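Worksheet for the structure shown next.
The values are calculated or read from the model by the stated rules, or taken from the named source; none is laboratory data. Predicted, not measured: the structure shown is a model, and the values here were computed from it. When we count neighbours, we look across all protein chains shown, and the Cβ atoms used for this are built from the backbone with ideal geometry, even at glycine. Accessible surface areas use protein heavy atoms only, side chains included; no ligands, DNA or RNA. Shrake-Rupley method; radii C 1.70, N 1.55, O 1.52, S 1.80 Å.
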Amino acid sequence: RSRFPKSPPTCNSSPEETLPYSAAAVAAMSLPPVDPPEWLRTLPVAPEYRPTLAEFADPIAYILKIEPEASRYGICKIVPPLPSPPREATVQLLKASFASNAAASASGDAGPTFPTRLQQVGLSTKNRRGANRRVWESGERYTLEAFRTKARDFELPRHAIPPKHATPLQLEALFWGACAARPFNVEYGNDMPGSGFVKREVLDLDTDSPVAAPRDVGETEWNMRVAPRARGSLLRAMSRDVAGVTTPMLYVAMLYSWFAWHVEDHELHSLNYLHFGKPKTWYGVPRDAMLAFEDAVRVHGYADDLNAIMAFQTLNQKTTVLSPEVLLSAGVPCCSRLVQNP
């Protein structure tokens, strides 16, 4: 993820680089059919854009071109006209980022490992503010391979186990159903400095000399290490880097991992690239509906026992998970959804 200069509230649930459920658990029981509810089936789908190579050459110009339409949905999908960088090279760059972070951490780990957080999926009867979910450090560190094994072998409660070859809508229906059922925990590696893209210095993007045509997304200004300071970006004026704003962050997730409803840092735009893994679902609210969204969260998510300022501060903690169904019933003009593919 990296940011550009105004963004609406967004929420995503992001299974990445994992198998979607425990094969042993599915083999041991027959599962009921999963029929997505009407409110979910009829959510507007965020727009999808497919720029030409010429349009793709200038990220800021293209974002400004599509913004008038995309802003009415809060989120959008841009499908590159170029392939992803080679997977093996991407994995090595990810591991290098993890190793650098680990060496600089209190653990002093020399290997390519990363920490995770435990996230609550489900509704605790002791929690008066139902939308405010628990998130805390797990204390464990993983390599990419170890985390994939953990996610693959993780045994879900029966009410959350997807059918074989589940569609994104079926997974979303199960997720929101699980959010209202008995709590369980998943793990999520988040807010880790680094990238699976090559560094800017490797590319010849700042020269006036003719350069070879890019072979993949990583050789363009959409490279997440490059995009924040691409031509036309106000962030070029920043003298120092700010992690997650001028430099990218990494996220590694499993099925039912989630990123809470939030507005991006400093109300900047956000750019997210999925290197590999399973598809990821996003929900967005148009920026013009931001105040209505915040009021609905305060009343229906926080039990109406916080004033507007305290509710806004709680929302900024990025621990709020509230079904779009609740927002729709409260009259919030939302939501749009999209499925992001690697």
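Tabulated values for the structure
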{"quantity": "Checklist (1) of a type outside the set (D, E); (2) modelled with pLDDT of 95 or more; (3) under 24 Å from the mean Cα position of the chain (by Cα) applied to T52, failing item", "calculated": "(3)"}
{"quantity": "Among the candidates A160, A104, A178, A166, residue that is closer than 30 Å to A227 by Cβ and small (G, A, S)", "calculated": "A104"}
{"quantity": "Selection status of V326, part of a helix (DSSP H, G or I), touching a Gly at 6+ places or on another chain (Cβ under 9 Å) and under 22 Å from A160 (Cβ atoms)", "calculated": "yes"}
{"quantity": "Count of segment 199-225 residues which are at pLDDT 95 or above and among the β-branched types (V, I, T)", "calculated": "2"}
{"quantity": "Inter-residue pairs, beta-carbon under 8 Å, first farther than 24 Å from T116 by Cα and assigned to a loop (DSSP other than H, G, I, E, B) and in segment 191-204, second of a type in the set (A, V, I, L, M, F, W, C) and open to solvent by less than 60 Å² (accessible area, probe 1.4 Å), 6+ apart", "calculated": "V198/A89; V198/L93; L203/V226"}
{"quantity": "Search result, residues across segment 289-336 that are over 25 Å from S71 (Cβ atoms), in contact with a Lys or Arg (Cβ under 7 Å, 6 or more places away or on another chain) and of a type in the set (A, V, I, L, M)", "calculated": "A303, L306"}
{"quantity": "Subset of segment 289-310 that is acidic (D, E) and surrounded by fewer than 17 Cβ atoms within 10 Å (Cβ to Cβ) - its residue that is farthest from P183 (Cα to Cα)", "calculated": "D295"}
{"quantity": "Condition broken by P333, with the remaining ones in (1) open to solvent by 30 Å² or more (accessible area, probe 1.4 Å); (2) part of a helix (DSSP H, G or I); (3) within 16 Å of R72 (Cα to Cα) satisfied", "calculated": "(2)"}
{"quantity": "Criterion (among the aromatic types (F, W, Y) and open to solvent by 20 Å² or more (accessible area, probe 1.4 Å)) met by exactly one of F154, F147", "calculated": "F154"}
{"quantity": "Residue within segment 74-85 that is modelled with pLDDT of 90 or more, open to solvent by less than 50 Å² (accessible area, probe 1.4 Å), among the charged types (D, E, K, R) and within 27 Å of A178 (Cβ to Cβ) present", "calculated": "yes"}
{"quantity": "Residue that is farthest from A70 (Cα to Cα), among those in segment 241-288 that are open to solvent by less than 10 Å² (accessible area, probe 1.4 Å) and among the polar types (S, T, N, Q)", "calculated": "S257"}
{"quantity": "Pick from segment 311-330, criterion at pLDDT 85 or above and of a type in the set (A, V, I, L, M), ranking: most open to solvent (accessible area, probe 1.4 Å)", "calculated": "L328"}
{"quantity": "Qualifying residue in segment 297-317 (condition: in a loop (DSSP other than H, G, I, E, B) and hydroxyl-bearing (S, T, Y))", "calculated": "yes"}
{"quantity": "Helices (runs of 4 or more DSSP H) within segment 40-138 that include 1 or more residues among the polar types (S, T, N, Q)", "calculated": "87-104"}
